[in-house]
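To start, the structure under review is shown below, and the notes come after it.
The values are calculated or read from the model by the stated rules, or taken from the named source; none is laboratory data. Quantities reported herein were computed from a predicted structural model and do not represent experimental measurements. Note: areas computed on protein heavy atoms with side chains; ligands, DNA, RNA excluded. Shrake-Rupley method; radii C 1.70, N 1.55, O 1.52, S 1.80 Å.
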Amino acid sequence: MELFTPDFGLIFWMFVAFAVLFFILWKWAWPVVLKTVDSRADLIDKGVEYAQSAKEQLDHARESAQAVLDDVRKQQADILREADKLKTQIVEQARSAAQVEAQKVMDSAKMQIEQQQKEAQLQFRNQVSEFALQIASKVVKNEMQDQKAQTRLVNSMLDEIESK
């Protein structure tokens, strides 16, 4: 039973050793431990603040990036709309120029056709009048062989001149 009940001297010296150890720890070790714990807590707090700041900066950067992307998309859409308008305008100008040029070509062709028609008509009239003269000269030659016919022709021409 002696094992379970300690002696008074043992308890006294254990208490003195505990008090000395507690005093040494309280005087020199505990402040170092508390200082280390406080600095560690400060470091953790600073890390948390830095992490929150970094998260806020990241969120702000994301918002800024999204705003820039939206702006770029808007500019891209504006550029595409402007390019489409410009394309339509160029196509319309080209179409108008082609129509004007086609009209000029058609007008020129019409004028050439009319001129050729007039020349053909003139040439046809000249040929017809040439044939008529040839026919008339042959007819007159045949009819003028007779003296009476010559006299009749001269008298009828003189009558026509006098009547005018």
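Exactly one residue out of Lys27, Lys74 is at pLDDT 95 or above, open to solvent by 90 Å² or more (accessible area, probe 1.4 Å) and charged (D, E, K, R): that is Lys74. All conditions in (1) in a helix (DSSP H, G or I); (2) modelled with pLDDT under 95 hold for Ala19, with the sole exception of (2). Would you confirm, using the coordinates I've provided, whether Ser156 is more than 50 Å from the chain's Cα centre (by Cα), in a helix (DSSP H, G or I) and small (Gly, Ala, Ser)? Taking the combined requirement at face value, the residue satisfies it.
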